[in-house]
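Following: one structure in structure tokens, then a few remarks.
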């Protein structure tokens with residue numbers, strides 16, 4: 001079975017592309033969703049995060065305060081590395097479990113930080129969703145209600161566009177409308193299904 005890593009920079013359109021594939025019948029494993037599931041209250045992963053970052057990363061009801069944690073890890077490279085050392089092994093283990101039971105002619109595994117983690121070798125192909133950096137910045141600011149400086153800092157903390165494209169087997173350009181995007185997805189869906 002073909003395992004394809006779907007990646008791209010923040011606000012590049014990965015979620016839209018993933019949903020277009022799902023609408024065509026593709027099996028999707030979303031590491032962002034897994035990341036939310038493994039930090040539910042009482043989970044070992046959440047306990048490790050609290051042990052490293054303190055109770056300030058919890059909301060009053062004991063759930064992970066994502067926005068607070070995001071500010072901490074984007075401000076301090078070591079904090080980000082520590083969080084990744086806690087999260088990534090647990091995410092990879094869950095992906096392996098889900099992949100073993102998902103079936104299908106191919107599986108799409110959404111891995112936003114694929115380039116940063118250097119795990120592209122875990123997959124048969126890498127599909128990068130790409131867009132113009134200026135468009136990406138505007139989308140991120142609009143989506144998250146960020147000031148330009150904050151959006152630029154988030155973009156700067158990720159792998160470069162060039163680094164993502166360097167590991168790509170396939171690229172979807174998300175600089176146009178949804179119809180153009182859908183045509184690219186359909187073409188790859190047919191190719192992946194025939195592999």
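Inside the stretch 128-154, can you point out the residues that are outside any helix (DSSP H, G or I) and either farther than 20 Å from residue 30 by Cβ or out of contact with any helix residue (DSSP H, G or I) (no Cβ under 7 Å at 6 or more places or on another chain) (or both)? Answer for the stretch 128-154, where residues must be outside any helix (DSSP H, G or I) and either farther than 20 Å from residue 30 by Cβ or out of contact with any helix residue (DSSP H, G or I) (no Cβ under 7 Å at 6 or more places or on another chain) (or both): 131, 132, 145, 146, 147. Selection of the stretch 104-127 for residues being part of a helix (DSSP H, G or I) and modelled with pLDDT under 90 yields 116, 117. Of the listed requirements (1) surrounded by 14 or more Cβ atoms within 10 Å (Cβ to Cβ); (2) at pLDDT 95 or above, residue 162 misses just one: (1).
The set of residues in the stretch 71-91 that are within 17 Å of residue 33 (Cα to Cα) and crowded, with 16+ Cβ neighbours inside 10 Å comprises 83, 86, 87, 88, 90, 91.
Against the test of being touching a strand residue (DSSP E or B) at 6+ places or on another chain (Cβ under 9 Å), surrounded by 16 or more Cβ atoms within 10 Å (Cβ to Cβ) and within 20 Å of residue 7 (Cα to Cα), the options 36, 94 yield a single qualifying residue, 94.
Listed conditions (1) modelled with pLDDT of 95 or more; (2) touching a strand residue (DSSP E or B) at 6+ places or on another chain (Cβ under 7 Å) are all met by residue 51, apart from (2).
Being over 26 Å from residue 146 (Cβ atoms), surrounded by fewer than 17 Cβ atoms within 10 Å (Cβ to Cβ) and out of contact with any strand residue (DSSP E or B) (no Cβ under 9 Å at 6 or more places or on another chain) is the requirement here; does residue 44 meet it? Yes; evaluated as a whole, the condition is true for this residue.
For the stretch 182-195, the candidate set comprises residues that are over 14 Å from residue 25 (Cβ atoms) and in contact with a strand residue (DSSP E or B) (Cβ under 7 Å, 6 or more places away or on another chain); within that set, the residue that is modelled with the lowest pLDDT is 195.
A count restricted to the stretch 97-116 and to residues that are more than 16 Å from residue 22 (Cβ to Cβ) and surrounded by fewer than 18 Cβ atoms within 10 Å (Cβ to Cβ) stands at 4. Pairs meeting the criteria (first residue in the stretch 155-176 and assigned to a helix (DSSP H, G or I), second residue surrounded by fewer than 17 Cβ atoms within 10 Å (Cβ to Cβ), beta carbons under 7 Å, at least 6 apart or on different chains) are 161/133; 165/171.
The values are calculated or read from the model by the stated rules, or taken from the named source; none is laboratory data. As the structure is a computational prediction, the values presented were derived from the model and not from experiment. Neighbour counts are summed over all protein chains in view; Cβ atoms, including those assigned to glycine, are modelled from backbone coordinates with ideal geometry.
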